[in-house]
1. Do we find that A253 is without any contact (Cβ under 8 Å) to a residue 60 or more places away in the chain, within 15 Å of Y335 (Cα to Cα) and in contact with a helix residue (DSSP H, G or I) (Cβ under 6 Å, 6 or more places away or on another chain) in this structure?
2. Only one of these is touching a Leu at 6+ places or on another chain (Cβ under 6 Å), hydrophobic (A, V, I, L, M, F, W, C) and within 18 Å of D215 (Cα to Cα): A176, A183. Name it.
3. Evaluate the following for T168: is it within 23 Å of G6 (Cβ to Cβ), among the hydroxyl-bearing types (S, T, Y), in contact with a Ser or Thr (Cβ under 8 Å, 6 or more places away or on another chain) and assigned by TED's automatic domain parsing to the domain that holds V343?
4. Look through A78, A26 and report the one residue that is of a type in the set (G, A, S), under 21 Å from P90 (Cα atoms) and assigned by TED's automatic domain parsing to the domain that holds H123.
5. Looking at segment 326-350 only, could you name the residues that are of a type outside the set (K, R), out of contact with any strand residue (DSSP E or B) (no Cβ under 8 Å at 6 or more places or on another chain) and assigned to a loop (DSSP other than H, G, I, E, B)?
6. For segment 192-203, which positions are surrounded by fewer than 19 Cβ atoms within 10 Å (Cβ to Cβ) and either of a type in the set (D, E, K, R) or farther than 17 Å from G218 by Cβ (or both)?
7. A247 - would you say it is among the small types (G, A, S) and under 25 Å from E108 (Cα atoms)?
Amino acid sequence: VKSGAGYLPVDPSYPADRVEFMLADAAPVAAISWSGRELVLPAGLPVVDIDAVDVSEFDGSVVSDADRVAPLRSSNVAYVIYTSGSTGRPKGVQVPHTTVAKLFANTESVYGFDESDVWTMFHSYAFDFSVWELWGPLLYGGTLVVVDYVTSRSPEQFLELLAAERVTVLNQTPSAFYQLAEADRLASESGRAAELSLRWVVFGGEALELRRLSDWYGRRGDFAPTLVNMYGITETTVHVSHRVLDAALVADASASVVGQAISGLQVFVLDTRLAPVPVGVAGEMYVSGVQLARGYLGQAGLTSTRFVANPFNAGEVLYRTGDVASWNSAGDLEYLGRADDQVKIRGFRIEIGEIESAVLADVSVAQTAV
């Protein structure tokens, strides 16, 4: 990122053909890896093994434009993250430096993070929730606890880690937190309740079933920690809206309340004619503001169908999310589902068209419906 290049996160646990496609499509100029990798990289791609390279001969001062091949601008791409594609082909979302910086500037008034906070890196760095987890503590000078794979799959071990490391900021997909909350309940019933230092639990990545938090609030109360439901998409740089939760809201809610747009963004709920819908009426969500990505890498046609002209502000762009929502009487957004066939599983976006394409690739299959 400091060199002026964008990074492409590649999770070695991904299927080999998906990794191969991503590397061919993004055409990276180099790979940063380690000498023990099992991932097969393209022949001819320069590789830097970070555990083997000797950096002692290099200057440790801050990188400047004099060191770069071109000046670094805030509009330069910071990273490209691939998401599932409806045509059967994953698509790379280009996110510039400025939108990542704006993400934290726009949420600062909500959270007040500082150098005393301890964050967890729980999610794969190839999943955009990790952008929030990784750059947050680096920006504020906090501590980052990287959660190993085995611990991330064991709610009991993860609960112990949260207590031992005195974690204050926890970011979770709802499905992961339900398991953690159950581990917390069992520990409490056995007299081994974990002494947590959590200030914030931030939900994202998939719809939150509020009533499943009732037991947590019954044990932990409203203020230790504060739970926040956030909604967002890779194309809008992680987060779009937020809603601070409490026991009363959880007891009464019948839908996933995702709140109101964070500072610097606007959310519109529109009908098929791009007209705003009344309170209580379902429509598709569109997002405008300073956190929108630069579109899809090498896919101008797809970019133009998702990043559309803003009918309310000439010269601006709306991102068409494909998510259906409605405004409630309190002025909050309630997430209702998708306008298309996309589904979310543990935070991962899965396009049905991509699954169908994979099945149809088998010569013995003539037709398929997923």
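1. Values: without any contact (Cβ under 8 Å) to a residue 60 or more places away in the chain: yes; within 15 Å of Y335 (Cα to Cα): yes; in contact with a helix residue (DSSP H, G or I) (Cβ under 6 Å, 6 or more places away or on another chain): yes.
Answer is yes for this residue.
2. A183
3. On the way: within 23 Å of G6 (Cβ to Cβ): no; among the hydroxyl-bearing types (S, T, Y): yes; in contact with a Ser or Thr (Cβ under 8 Å, 6 or more places away or on another chain): yes; assigned by TED's automatic domain parsing to the domain that holds V343: yes.
So T168 does not fit the description; no.
4. Numbers: A26 fails: assigned by TED's automatic domain parsing to the domain that holds H123.
Criteria check complete, one pass: A78.
5. Narrowing segment 326-350 to residues of a type outside the set (K, R): 326-337, 339-343, 345, 347-348, 350.
Narrowing the set further to residues that are out of contact with any strand residue (DSSP E or B) (no Cβ under 8 Å at 6 or more places or on another chain) leaves 329-330, 341, 345, 347-348.
Those that are of a type outside the set (K, R), out of contact with any strand residue (DSSP E or B) (no Cβ under 8 Å at 6 or more places or on another chain) and assigned to a loop (DSSP other than H, G, I, E, B): S329, A330, D341, G347.
6. Within segment 192-203, R192, E195, S197 qualify.
7. Numbers: among the small types (G, A, S): yes; under 25 Å from E108 (Cα atoms): yes.
In short, yes.
Okay, residues lined up against (1) surrounded by 13 or more Cβ atoms within 10 Å (Cβ to Cβ); (2) of a type in the set (V, I, T); (3) assigned by TED's automatic domain parsing to the domain that holds V95; (4) touching a helix residue (DSSP H, G or I) at 6+ places or on another chain (Cβ under 8 Å):
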| position | (1), (2), (3), (4) |
| --- | --- |
| L249 | yes, no, yes, yes |
| V267 | yes, yes, yes, no |
| V290 | yes, yes, yes, yes |
| G295 | yes, no, yes, yes |
| T303 | yes, yes, yes, no |
| W327 | yes, no, yes, no |
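The values are calculated or read from the model by the stated rules, or taken from the named source; none is laboratory data. Because the structure is predicted, anything quoted here is derived from the model rather than measured. All Cβ positions, even for glycine, are placed from backbone atoms using ideal geometry, and neighbour counts span all protein chains on display.
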